[in-house]
Structures are given as structure tokens and as C-alpha cells.
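The values are calculated or read from the model by the stated rules, or taken from the named source; none is laboratory data. Every value quoted in this text rests on a predicted model; they were computed, and no experiment measured them. Neighbour counts run over all protein chains shown; Cβ positions are idealised from the backbone, glycine included. For accessibility, only protein heavy atoms count, side chains too; no ligands or nucleic acids. Shrake-Rupley method; radii C 1.70, N 1.55, O 1.52, S 1.80 Å.
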Amino acid sequence: MEKREQLYEGKAKKVFETDDPERLIVSYKDDATAFNGQKKGQIADKGVVNNIMSNILFGILEEAGVPTHLVRQLSDRESLVKRVRILPLEVIIRNVAAGSFSKRYGVPEGGPLARTVLEFSYKNDALGDPLINDDHILALALSTEAELAQVRTYAFKVNEVLKAFFLKRGLRLIDFKIEFGLDSAGKLLLADEISPDTCRLWDTETNEKMDKDRFRRDLGRVEETYRDVLLRVKGQ
Ligand code: TMP
């Protein structure tokens, strides 16, 4: 697989074209941002952790019946993926109140929820990724009703699979964000990444935060935490 010109550079990854128009190479960076890019930093080896961890989780999800964009890992930081058109939606699942949910609705972090929440944000940096509902999504033609129904089904499936997976490794899956894309045949695939950048994971014993909130909130031991999460995901 020949790496060709850079197609795009995001906050955490670069994307390259290849000699196959249907395949892209993603390269994970150590750059970290928070609060829509207002806070900037670096987390040593985050790119390696997020690449390897995402690939392990995508493999498990694929087996559980959730199709993903992953083709194969190329190196510690790079993976080959299917080219998709990303739906401009952040799909967020919440098992426990935390983060922007706690802030918006005035409930303590860690508080139980009477049901699992699925929410959408409109992926639009200029607008600060605003919360958006199904009607808004359809009104803005960001996706079709059929795609939205499939997204919901897959998102809840991802939650069930990952909740059980992390629990076995001493981590509670509090919430997470995923993204989906459509391949050239119009098939919906789980894309982007699943990593400590995109999940809240709390240690089942100590309740310690084991995710990007350590960077967002200056809690310290950021690199160590990413490394520890990867070891647990690997089953070590
Ligand atoms: P929130 O509580 O800040 O809305 O975050 C919900 C989940 O989404 C949390 O697990 C972190 C993740 N997330 C991202 O992956 N990217 C983002 O830009 C934001 C704001 C949150």
C-alpha cells in the first residue's frame, strides 16, 4: 500500500490518500486539544495508544456485528481504513451522568441515569459542535431517516459490547463518542476512533478517571493513564 498526499490534518490525526482510491491511511498524532481547540498540548505516545486501542476495539465490534472502517494496522501509529464520507454527527452514549450532561442539566457527575442516553452533536467546529436532535438532523439533511435508525442500533450495540469488555478490565464505561461514515456503496461503517480521547473510563475500584479528562482538567498522570488503559485493553 503506497502512501500518497495528505488529504486532511485534524486535531488528533492526519489522513493520507493511497494508491487505492477506496483506502486511506490514518496517522495518529500525540497532539491533544480540549474545549474546541482552546486548550492545546501533547500527550507522549497518545497516538500509539489510540491507534492500537481503537484497532483492538474495532476488531471486537466487527465480530459482534458492527461493521467498521478498519482494514488493518500498518504500524504503531498508522492504520489502513476504508474511505468513507463521515456523517457530520458526534454520536454520544451516556451510561452515567458526567461532563457536559452534568453541566447542562445540573446533575452531579457519577449520578445514575434512569436510562441510557443517546445524543447527537452537529460536527461543526465554527459552531462549537452544538447538541442536535433527530428532527434537526433530518431538517438539515445531515443524514437520512434510515441511516439514523441504523446509527442508533449500532451505537447501542457498541455500548453493550464495550461496557462488558471494559468491566472485565476494571473500567466503567461512563460515556463515549463515536462517528459513522458511508462507504462508496452507501454502507454505514463505524469510523474515526475509540480511545481514552473519546471515552470516559473510571476505575471500578478507585473511581479514578482513566481518560482524557486528566488532560482537560489538569489532573496529572496523563501519559501513565493512557499507557495503563492500553495495557488493560490488551489484557496485560
Ligand atoms: P461531553 O460530556 O463533554 O459532552 O463528552 C461526552 C463524551 O464524548 C466523552 O466521553 C468525551 C467525548 N468527546 C469527544 O470524543 N470529543 C469531543 O469533542 C467532546 C466534547 C467529547
| query | Applying the Karplus parametrisation 6.51 cos²θ - 1.76 cosθ + 1.60 with θ = phi - 60° to the phi angles of region 91-106, what ³J(HN,Hα) value in whole Hz is obtained for each residue in order, glycine and proline being reported as x? | reply | 9, 10, 10, 10, 9, 9, 5, 6, x, 5, 5, 4, 5, 5, 9, x
| message | Between Leu162, Leu89, Leu70, where does the largest GNM mean-square fluctuation fall for the chain, given springs only between Cα atoms within less than 10 Å? | response | Leu162
| field | Calculated [θ] (222 nm, deg cm²/dmol) that DSSP helices of n ≥ 4 give over the chain, each run adding -39,500 (n - 2.57) | value | -9500 deg cm²/dmol
| field | Cα centre as origin, Lys/Arg/Asp/Glu Cβ charges: region 153-232 dipole, Debye | value | 200 debye
| Radius 11 Å from Cβ of Leu131, net charge of other residues (Lys, Arg +1; Asp, Glu -1) | -2
| query | Over the chain, what is the relative contact order in whole percent, taking alpha-carbon pairs under 8 Å and six or more residues apart? | reply | 18 percent
| If one computes the Cα centroid of region 122-169 and of region 10-61, what distance in Å separates the two points? | 20 Å
| query | Of Lys11/Lys209; Lys177/Lys209; Lys14/Lys187; Lys103/Lys157; Lys46/Lys187, which ones are farther than 19 Å apart at the Cα? | reply | Lys11/Lys209; Lys14/Lys187; Lys103/Lys157; Lys46/Lys187
| said: Which one, Leu80, Pro112, Leu140, is farthest towards the positive end of the dipole of region 69-164 when Lys and Arg carry +1 and Asp and Glu -1 on their Cβ? | reply: Leu80
| field | Dipole magnitude of region 18-82, debye to nearest 20 (Cβ charges: Lys/Arg +1, Asp/Glu -1, about Cα centre) | value | 300 debye
| So, in nm, how far is label Glu223 from label Ala139 when the simple model puts each one 7 Å beyond its Cα toward the Cβ? | 4.8 nm
| task | For the chain, give the magnitude of the charge dipole about the Cα centre (Cβ charges: +1 Lys/Arg, -1 Asp/Glu; no others), in debye to the nearest 20. | result | 520 debye
| message | List the trypsin sites (Lys or Arg not before Pro) within region 176-220 that DSSP assigns to loop and that have no more than 14 neighbouring Cβ atoms inside 10 Å. | response | Lys187, Arg217
| query | How much accessible area does Asp31 have with a 1.4 Å probe, in Å² rounded to the nearest 10? | reply | 50 Å²
| Using the Karplus equation 6.51 cos²θ - 1.76 cosθ + 1.60 (θ = phi - 60°), what ³J(HN,Hα) coupling, rounded to whole Hz, does each residue of region 6-20 give in order, writing x for Gly and Pro? | 5, 8, 6, 10, x, 6, 10, 9, 10, 10, 10, 6, 10, 6, 9
| query | Which whole-number percentage describes the relative contact order of region 159-223, with Cα contacts under 8 Å and a sequence gap of 6 or more? | reply | 25 percent
